[in-house]
Structures are given as C-alpha cells and as structure tokens.
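Have a look at the structure below before the remarks.
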Amino acid sequence: MTTTGTGRRQGAGELTYGAILRLFLPLSLSDVIMVLAGPILTIGLTRLANPETHLAAYSVAENMAILLESPIIMLLHASNLLSRYPETYRPLRHFMIWANALLTALYALLAFTPAYDWIFRGVLGQPDAIADAARPAFQAMLLWPAAIGWRRYYQGVLIIHKRSSLVAYAGFARIGSLALVTILGVLGRAPGATVAGVALVVSVIVEAAAVTWLARPILRSGVADPAARAPEWAPRTVGQIARWYLPLAMTQILVNVVRPLINGGIARTVNPEVGLAAWPVAWTTIMMVANAVRMVQQVALTLLQDRRAYLMLRRFTLAAGLSASGVMALLAATPLGLSYMEWVLGLKGGLASLADAALPALGWGVAFPLYTALQNWLQALLMKDGRTIVVNAGAVAGGAATMAAVYAGALIFRLPGAQLGIIALLCGAAVELTLLGLASRPQRQAWLARG
C-alpha cells in the first residue's frame, strides 16, 4: 500500500462501486464536455455564410490538427502510469516538453509551407473551396499540439491523486472559452472555419492553464510518492521513456491518421460536399455519447490492484458501455436524434438535407460506445503490464481494416458519406477488439488468479 505526495493513501480501504463512480464520473464529464465543442461550433457555423463549405473545412482542418496532436495524446496514460514514481516523474516531464516543441515545429512546417496544398488538395483530395477555407483555420491552431500535451500530462497528475473533479472543472473552462470565442466570431461575421479554428485553440490553451493552476497544491507538496518503487518494465531516463512511449504515440497516430483519410474517402463519393458536411455532424453526435465511457481506461490504470478490483472494474466497464450504447439507440431510433439536429444544431430549413444525410449514421453508431468502453478496458490491462507494443498492433490492424472499408465503400459500394464514415470505423473496431482480446488473455487470467 502506498501514499501519494499529498499524504493521501492510494488504495486504502476496500474498493467500492461508489469509489469507482467518484473517480469515473468527473472524468467522463470532462470528455463529454470536450466533445460538446463539435455541436457548439456546428451551431455557430450554421449561422454564418456558406455553412456547408465551412462545416466541411472545419472538419478537415480539425482532423489534420488532431493527427498532428496524436503523438502526444497518450501522455495522459504515461503520466498516470509513471508520474507516481520518483524515478520516472522528472524524466517524463522533460520528455513532455521536448515532444511539445518538436510537434509545434512540425505543425508550422505543414501549415505555412506548400506542404499544405500537397496534403489537403493532393493526398486528401479536398475540393478547392474547402481547402481554401480550411487553410486559415488550420494555421490558427498552431499551438494546439503543445497545449494538448501539456494538458494531458497534468491531467494524469490530478488523476493519480484522485482529483478527477478538478479535471472536470478545467473542462468547463475549456467549453466556456470556446463558446465565447464562437459567439464573438458569429457576431463579427468572420469566416466560419476560421472561427472554429481560433475557438478550438483558445479553448485548449485555457484548459491547459486551468489544469496547471488546479494542480498547484500537488506540485508544491510533491507529485511522486517517495515510498513507491517503479516496476521493472518502467523507463527511467528521457531516452528510455521515448522508446517506451513510441508504440503509444504510434497507436494514436494510426488511430487519428484514419480520420483525415475518411474525409478523403468521403470526398470521392457521390455528392461529396453534402457528405463532408454531414459527417462531422454525425461523428460529433456519436462521439458525444461514446466519449462518456472512454475514461474507464484511466480508472482501471488508477484502481486496478487485485482480483476483486479486476472483477468490479470489468463489470463496471461492461455496464457503462451498454448504457452509453442504449443512449445512442434512443437518438437513432426515436425522434430525439432528428430533433437534436434540427433544434440544437440548427439543421433545418435550407440545411435539412444535412440532418437527413447524418441521421442514418446514428443507427450504425449504436455499437460504437460499447466498443469504446471495451477497447479502453483491454488497452488498460495491457498498459498496466507495460505491453505498449501490443496496444500499437491493435491500432495498426484496426486502422488497416478501417481504410480498406472506407475506400471500398466509397469506390465500390458508393455508400453515402456519413454512413461510410461510421461503417468503416466499425469494421476497424471489430478487428482491433479481436486482436486486443486475444493478446490480453494472459493479463486477464493473471488478474483472476490473484488473491
């Protein structure tokens, strides 16, 4: 049994479902808050000129920014696993700073050189109107990767000290600042995609600052537990951390490289403008529900200690995933989904065709929240044992299946854009879950054998 740097006992007392919920709910709320950015920006963009073009441009620019952010996104997991140990805390922080600097330089290279046209017009095949509208939005988001990396690192510090409510408070700061910038952009009649880009980067910088400020008491008293000793597999220098972290970075790169390429597939379907505009509407709606269960991974990394905890967390993961898929089913099979798109997102009148194009994708998306919960649970079991390479292999297999499905759906089956996106992702999800399930069998058996 160990103590945290603040003197709190980690693992003191018997684990209860109440304790799981107290850690999970604020983290779940923070992820849902993050996804609310999509609907808020959609509402704003539908009130500006050329909404179809700018919705598509915002989606393309955001997906490419997320791809460039992806190497740093797993710092949350690394921080949760390594910040608690004196041998690994400082090297991980130095690694975070170097990684942020390198990603910012790479982003500038792609945003402000001819590489932009090669990627957006050539590789992704975006129509000229969408590529032109996406350029200033993409350039405005230059500090996005560094702000994300900094935020994720300090979120991990808060989570290991079981201060998940503070993570949610910082999320409210993020969504509040995003809404404010969006409102100002709408009032100023600025180009829609540019409004979205500025709002996104301002909001994540505000959240990163809020997380750091809220973590001050922990930073003052000491993040790492002086009595804790890192496991044998744990890296102990910046170079070792880089080598250990590389499979995690590649996992997110492979996950997120799929998102812009899905846009590339949709751009090759019949009526690509409608498909590209409808896809972010459908996807943000699905992710708003699915993200509610993504943090089961952080809960497992924090609380998994013995057989009883394993069984409780496994049941909790399954219940959370099924509940979220039930919510998704309500949106897809009842008037709630269409009402949400019409009255919340403003897709009515001349924009009703976007709602009609997005709605069928919600039905396909019913299974996605359950997949998200199971994926994160299995990844946590593997990462808890240091098996980051296997996590990466799952992403490789899932990404390959997704890309095969998206281009087959676009070029052979001629699926509509929004449906094409979610069907392709579900194909990849099935492959990834199969691989993760097979690979994690030794870990699952080992936890069941523990006392």
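Odds and ends about this structure:
- Residue within the range 119-142 that is within 25 Å of residue 227 (Cα to Cα), touching a Leu at 6+ places or on another chain (Cβ under 7 Å), in a helix (DSSP H, G or I) and in contact (Cβ under 8 Å) with a residue 24 or more places away in the chain present: no
- Long-range neighbours under 6 Å by Cβ, at least six apart or interchain, first residue under 17 Å from residue 161 (Cα atoms) within the range 218-245, second open to solvent by 60 Å² or more (accessible area, probe 1.4 Å) and modelled with pLDDT of 90 or more: 224/86
- The requirement of being open to solvent by 10 Å² or more (accessible area, probe 1.4 Å) and touching a His at 6+ places or on another chain (Cβ under 9 Å) is not satisfied by residue 289.
- Residue in the range 328-342 that is at pLDDT 95 or above, open to solvent by 30 Å² or more (accessible area, probe 1.4 Å), under 22 Å from residue 24 (Cα atoms) and of a type outside the set (Phe, Trp, Tyr) present: no
- Tallying residues that are farther than 17 Å from residue 152 by Cα and either buried (at least 18 other Cβ atoms within 10 Å of the Cβ) or basic (Lys, Arg) (or both) within the range 96-118 yields 4.
- Residue match in the range 219-227 (condition: open to solvent by less than 20 Å² (accessible area, probe 1.4 Å), charged (D, E, K, R), at pLDDT below 90 and on the phi < 0 side of the Ramachandran plot): yes
- With respect to the stated conditions, residue 414 fails to be out of contact with any helix residue (DSSP H, G or I) (no Cβ under 7 Å at 6 or more places or on another chain), modelled with pLDDT of 95 or more and either surrounded by fewer than 20 Cβ atoms within 10 Å (Cβ to Cβ) or over 30 Å from residue 314 (Cβ atoms) (or both).
- The listed residue being assigned to a helix (DSSP H, G or I), of a type in the set (Val, Ile, Thr) and touching a residue at least 40 places away in the same chain (Cβ under 8 Å), out of 431, 391: 391
- Residues that are small (Gly, Ala, Ser) and open to solvent by less than 30 Å² (accessible area, probe 1.4 Å) were ranked within the range 358-386; the one that is farthest from residue 274 (Cα to Cα) is 386.
- Candidates 93, 84 - the one that is surrounded by 17 or more Cβ atoms within 10 Å (Cβ to Cβ) and not in a helix (DSSP H, G or I): 84
- Within the range 228-238, the set of residues being of a type outside the set (A, V, I, L, M) and surrounded by 14 or more Cβ atoms within 10 Å (Cβ to Cβ) comprises 235, 236.
- The range 318-347 residues that are under 19 Å from residue 20 (Cβ atoms), paired with ones that are among the aromatic types (Phe, Trp, Tyr) and crowded, with 23+ Cβ neighbours inside 10 Å (beta carbon under 8 Å, 6 or more apart): 320/24
- Residue selected from the range 1-52 under the condition part of a helix (DSSP H, G or I) and of a type in the set (D, E, K, R), by the criterion modelled with the lowest pLDDT: 52
- Residue, nearest to residue 35 (Cα to Cα), within the range 292-309, restricted to residues that are open to solvent by 20 Å² or more (accessible area, probe 1.4 Å) and not hydrophobic (A, V, I, L, M, F, W, C): 294
- Number of residues in the range 239-274 that are at pLDDT 90 or above, crowded, with 16+ Cβ neighbours inside 10 Å and more than 20 Å from residue 395 (Cα to Cα): the value is 1.
- Residues in the range 171-186 that are surrounded by fewer than 19 Cβ atoms within 10 Å (Cβ to Cβ) and touching a residue at least 40 places away in the same chain (Cβ under 8 Å) were compared, and the one that is nearest to residue 291 (Cα to Cα) is 172.
- Qualifying residue in the range 225-248 (condition: in contact with a His (Cβ under 6 Å, 6 or more places away or on another chain) and either within 27 Å of residue 102 (Cα to Cα) or aromatic (Phe, Trp, Tyr) (or both)): yes
The values are calculated or read from the model by the stated rules, or taken from the named source; none is laboratory data. Everything numeric in this text was worked out from a predicted model, so none of it was measured. Positions of Cβ are backbone-derived with ideal geometry, glycine not excepted, and every protein chain shown enters the neighbour counts. For the accessible areas, the whole protein counts, side chains as well, though only heavy atoms, and no ligand, DNA or RNA atoms are used. Shrake-Rupley method; radii C 1.70, N 1.55, O 1.52, S 1.80 Å.
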